[in-house]
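Since every read-out is calculated from the coordinates, none of them should be taken as a lab result. A quick note: this is a predicted structure, and the numbers were derived from the prediction, not measured. Neighbour counts run over all protein chains shown; Cβ positions are idealised from the backbone, glycine included.
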Amino acid sequence: MASDGDAYGEKRKYSAKSVDIDENEAFKISVDLSSPEPIYKQIYNCIVKNIAIGMLKKGDKLPSSRELSSILGINYHTVNKAYSELENDEYIYQDRRKHVIVSGIRKEHKTMNPLWEKQIKNLILEAISSGFSVDEIKAKINDLIEEALNQEEN
Amino acid sequence: MIPLLFILINVPVIIFIGLAYGLIPYLTRPELVFGIRIKGDVYNQKIKSMKFKNLLIDLLISIVFTLLTLILYVYINIIVLLILPLTEIILVLLVYFYFRSHVRLLKINLEDNQKVISSYIPKSNIKVSLLWYVFPWIELMFFIIIGIIYYPHIPSRFPTHFGLSGKPNEYASKSPYSAFFLILFVGVPVTVVFDVLSYAIQRSAAGNSPTKKSLIQFRSFNTGMVKLLMGINLIIILNMFLAAAITWELIPKSYIFIIALPVLLIFPLILWYSVTTGQTGWKKYPYLKDNEHDNNIEDDKEWAGGLIYHNKEDNRILVPKRYGIGYTLNFSNRWSYIILIIIFAVIIISLLIALLHP
């Protein structure tokens, strides 16, 4: 699927003539209803991922929680919860006209959240105790970074 | 002359209704058969033959009604002529409900096993060049300027209404109000309504968890729709000018049939757009690959008769039609009723003004 790298197939002339096609005009949100992970957390993660891969940039407008809930066909309160968590973590904010705006990738955070550092350290130690070598862990981490930033990955 | 003009408009309307309703099953998204969401094989023989029978019956109805119009034309019964298109719509809708009841039997009620909802969300509204909105206003200005230049030549008393025999039966004395009535009091409000509608379409969102492909198609459909509406707007303004030019005697009264011609352009234009684009643009970009499967979310219960949409969970007002090409209102949203009341109020008030006018 990804090998040709062209979502529009071979006959690109059919799509290229129209200006309304732009790869970066739309971002993806996917929710797995059967997953044990709460739905609001899944929406949260999707938006964080879209910010990380550069799909959502600073100043981009998100649909209101009511709009998003009708697009996805899920409860309004679920989306609202995801939005308030995102707002708490400063990924998004509401402007004066109540539009939901993306804050973008924060430049000022040069030190990692101590909690994350602790979690990563613990995971590394767990992996080493389970018999993985340091090189294997480094290679795996690189793979995971690539996988996380892959747009098509689901 | 007036009855001939009437035939010139009435017969194309009747043919258009039959043709449009006959073609709708071919133009709606393949998974929506007679307004019912079908899962699995949507191209099977039964569905194919139903679509074909629907087309044949609708065409037959429009032929019968065309003949009826021509026969009744001899007796000049204008009331009967007026209700013919309405009767035809009721009949083709009955044909639709007949086939719909048969499609319902084909529907296999799969359990709602949709586990993963994937949706593409646009970051901005579609962009349509502002020029499209400006064209009709330029046209209005152009015709107003022609009117101002010609104004000294307009007769001091001119006919404003023509009886059935083709003879004028109402006159107005010349004034800027009477001379520019059609352009200013019909042309301008129509243009405002088209602008508002186009703006609403430009901002309308796709529902039902669109895939990347269907979102691109829908946005392209909306862009085309705004341009189509502006095209229709241009034609209506031209029509108002032609009608005004006849009352000004800029165009001889015997050429009155030409005011039917622009209106006749609208039907082929709508058919052409519907056939090439399809419902919500599904015929566009056939080579576009979709990485996801279509989100076949069960939504039949939100569509009464496949025609009337009511969904409390959906905050949209304007939604794409399920059976047909275009838009309809979400009747769970109270704004839909307010909009309908405003539209009916405008029509009734303008009819009352026309009737009460001395």
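Here are some notes:
- Working ranking of peptides B:274-280, B:62-68 by packing, defined as the average number of other Cβ atoms within 10 Å per residue, highest first, is B:274-280, B:62-68.
- Sorting the Cα pairs of the protein assembly as shown by distance into bins of 10 Å, from 0 upward, gives 3, 14, 23, 22, 16, 11, 6, 3, 1, 1, 0 percent per bin.
- Between A:A52 and A:L125, full extension at 0.36 nm per residue minus the direct alpha carbon distance yields a gain of 23.6 nm.
- Applying 1/(1 + (r/R0)^6) with R0 = 56 Å to the Cβ-Cβ distance of B:Y337 and B:L19 gives a FRET efficiency near 0.95.
- Seen from B:I154, the other residues with C-beta closer than 11 Å to its C-beta sum to a net charge of +1, counting Lys and Arg as +1 and Asp and Glu as -1.
- Ordering of B:234-240, B:335-341, B:219-225 by packing is B:219-225, B:234-240, B:335-341, highest average first (other Cβ atoms within 10 Å, averaged per residue).
- When the helices of the protein assembly as shown are scored as -39500 (n - 2.57) per DSSP H run of n ≥ 4 and the total is divided over every residue, the value at 222 nm lands at -18000 deg cm²/dmol.
- Percent of alpha-carbon pairs separated by more than 16 Å within region B:315-358: 53 percent
- In this structure, the residue pairs whose Cα-Cα separation is over 27 Å, taken from A:K28/B:K283; B:K53/B:K312; A:K57/B:K212; A:K121/B:K123, are B:K53/B:K312; A:K121/B:K123.
- Spacing of the two label points (7 Å from each Cα toward its C-beta) at B:A172 and B:L94, in nm: 4.2 nm
- Partner chain coverage, peptide B:221-230 - average Cβ within 10 angstrom: 1
- With N as its number of residues, chain B has a Cα radius of gyration that, divided by 2.2 N^0.38 Å, comes to 1.13.
- For residues of B:205-213, the mean tally of beta carbons on other chains within 10 Å: 4
- Burial ranking of peptide ranges A:31-38, B:241-248 (average Cβ count within 10 Å, highest at the top): B:241-248, A:31-38
- Coarse-grained scattering of region B:221-287 at q = 0.18, 0.19, 0.26 Å⁻¹, given as base-10 log I(q)/I(0) from a Debye sum over alpha-carbon atoms: -0.70, -0.74, -1.05
- FRET efficiency for A:K98 and B:I353, using Cβ-Cβ distance with R0 set to 41 Å, rounded to 0.05: 0.50
- Averaging 1/r over each pair of different alpha-carbon atoms in region B:125-294 and inverting the result gives 18.4 Å, the Kirkwood hydrodynamic radius.
- For the peptide B:120-130, the mean number of other protein chain Cβ atoms found within 10 angstrom of a residue's Cβ is 5.
- Label positions at A:N150 and B:S101, each projected 7 Å from the Cα along the C-beta direction, are separated by 5.3 nm.
- Using the alpha-carbon positions of region B:1-110, Rg (one decimal) and Dmax (whole number) come out as 16.8, 60 Å.
- Calculated Rg and Dmax of region B:227-358 using C-alpha coordinates, Å: 20.6, 66
- Here's how it looks for B:T160: its modeled amide H is under 5 Å from those of B:E170, B:Y171, B:A172, which are all 5 or more places away or on a different chain.
- √(5λ) per eigenvalue of the Cα gyration tensor, region A:111-154, largest first, Å: 20, 17, 8
- Cα centroid separation - region B:324-345 against region B:36-101, whole Å: 25 Å
- A Förster distance of 51 Å, applied to the separation of the beta-carbon atoms of B:Q45 and A:T111, puts the FRET efficiency at 0.15.
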